[in-house]
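What follows is a set of notes on a single structure, which appears directly below.
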Amino acid sequence: MSAALPNGGGDRRPGRATLAEDRRVHPVGAETPGESPHAPHAPHAAGGARAHDRARTGVGLGSWARVGFGFGLGAMLAWLVVQTVLQISELLSLFLVAIFVAMGLEPLVAWLTRHRMRRGWAVTVVLLGFALCVAGFVALIVPPVTDEVNSLAKAVPTWLNELHNHHTPLGRLEDRYHLLARARSTLTSTGGSGLAGGLLGAGKMVASVITSTVIVLVVTIYLMAALPVIKRFGLRFVAASKRPRAQTVTDEILSRTGRFMLANLVTSGIAGIATFAWCAGIGVPYPAALGFFVALMDLIPVAGSTIGGVVVSLVALSVSLPVAGATAGFYVAFRLAEDYLIMPRAMKYAVRVHPVVTVVGVLAGGALLGIIGALVAVPAAVAIGVLLDEYLFPRTDAA
């Protein structure tokens, strides 16, 4: 039977060993004589190292590409945001004015709501009071302006006759400077386009003023009516544990801003009453209209009272030169009293902001955004002061 089974049993060929013998002679992991354990895998190891280097290089290049792409995309988005803000800067300025007016009228609305009046009715009452003030201003200012325009229209033919009369001051000016000839040549050379352009520009300005006023009124009404809802929505971005403190800070900012608006109204009322008393006392025409105009201009920080004083002094010039000089001196004295006595005391009581901070804030806001910047500068300084008192200064004092 053994002969019938080749390679089986005890019939073994030379140089062959069983699996068990092979394991005993060469255990797993032992080196075969004359052969390195990594020799059979050397080509594969070298190829893997090169592939690893290539993969690492590719990942580095991809990372730099992603960084560059992200930087370029961010710069492009920033540029688009800046351009968009510049394009809608006028609309943003109107929105700031609406916010300022709504925050200024909020104490009146809050006072009415505390006396058991619904917020909608309180907003309506405050807006009606504001509308009555505007109507009173129009009623005071329109008659004198109408009279002046009618007087000017009646005086034009007289001036034309005096231009042709060589013995009158206007006639001598015409003989020396040829005013009528220059006016005709200007109209002829431009074909009336300059006059038409001026009229078109004036029409655009009037339309822009009306549109801006409507936008401010609509946004102000919406903000006044929905201010509690807007506050609750904004506070939802604050963590629930910090929300009560944030609400307290927000209410304090709104309260101080409203008090600033009321203090500004009080100082403007004082300026208007003083102007009315002075003009009525020395015989300057239209004292009520001029007083209301000065009160309105005094709402504009820094420059408003100066503009009002200049206008009143020019109107006083129609009476006589001494009256105009006395009026200018009165406004210089009143401006000093307002800047150093009335306004600092009112602002210190209303918003507890140092007068230096008020002046610097108004100047900076006026330089950045003009009249609108000057208006919102003090409320912004109030908000910054409240935030510093609430969050920063306690930490620095405790450190």
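The values are calculated or read from the model by the stated rules, or taken from the named source; none is laboratory data. This structure is a prediction, so every number in the text was calculated from the model and none was measured. Reconstructed Cβ throughout: ideal geometry from the backbone, glycine too, with neighbour counts over all protein chains shown. Note: accessible area is taken over every heavy atom of the protein model, side chains too, but ligands, DNA and RNA are not part of it. Shrake-Rupley method; radii C 1.70, N 1.55, O 1.52, S 1.80 Å.
Numerical summary
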{"read-out": "Helices (runs of 4 or more DSSP H) enclosed by region 233-321 - at least 3 residues per element that are open to solvent by less than 30 Å² (accessible area, probe 1.4 Å) and of a type in the set (A, V, I, L, M)", "value": "243-282, 287-297"}
{"read-out": "Test: Val101 is modelled with pLDDT under 85 and in a helix (DSSP H, G or I)", "value": "yes"}
{"read-out": "Lone qualifier among Thr84, Thr158, Thr146 - being of a type in the set (Val, Ile, Thr) and within 30 Å of Phe276 (Cα to Cα)", "value": "Thr146"}
{"read-out": "Criterion violated by Leu199 - all others in (1) open to solvent by 80 Å² or more (accessible area, probe 1.4 Å); (2) modelled with pLDDT of 80 or more; (3) in a helix (DSSP H, G or I); (4) hydrophobic (A, V, I, L, M, F, W, C) satisfied", "value": "(2)"}
{"read-out": "Residue match in region 224-231 (condition: open to solvent by 70 Å² or more (accessible area, probe 1.4 Å) and either in a helix (DSSP H, G or I) or without any contact (Cβ under 8 Å) to a residue 60 or more places away in the chain (or both))", "value": "yes"}
{"read-out": "Some residue of region 151-168 being touching a helix residue (DSSP H, G or I) at 6+ places or on another chain (Cβ under 7 Å), closer than 23 Å to Ile215 by Cα and among the polar types (S, T, N, Q)", "value": "no"}
{"read-out": "Of all residues in region 151-161 being at pLDDT below 75 and open to solvent by less than 80 Å² (accessible area, probe 1.4 Å), the one that is farthest from Gly291 (Cα to Cα)", "value": "Val156"}
{"read-out": "Residue match in region 304-311 (condition: closer than 30 Å to Phe100 by Cβ, more than 25 Å from the chain's Cα centre (by Cα), hydrophobic (A, V, I, L, M, F, W, C) and modelled with pLDDT of 85 or more)", "value": "yes"}
{"read-out": "Among the candidates His164, His115, residue that is without any contact (Cβ under 8 Å) to a residue 40 or more places away in the chain, open to solvent by 70 Å² or more (accessible area, probe 1.4 Å) and in contact with a Gly (Cβ under 8 Å, 6 or more places away or on another chain)", "value": "His164"}
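One line per residue, one yes/no per condition, for (1) loosely packed, with under 11 Cβ neighbours inside 10 Å; (2) closer than 30 Å to Ile230 by Cα; (3) modelled with pLDDT of 50 or more:
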site: Arg50; (1), (2), (3): yes, no, yes
site: Ala65; (1), (2), (3): yes, no, yes
site: Val81; (1), (2), (3): yes, yes, yes
site: Trp111; (1), (2), (3): no, yes, yes
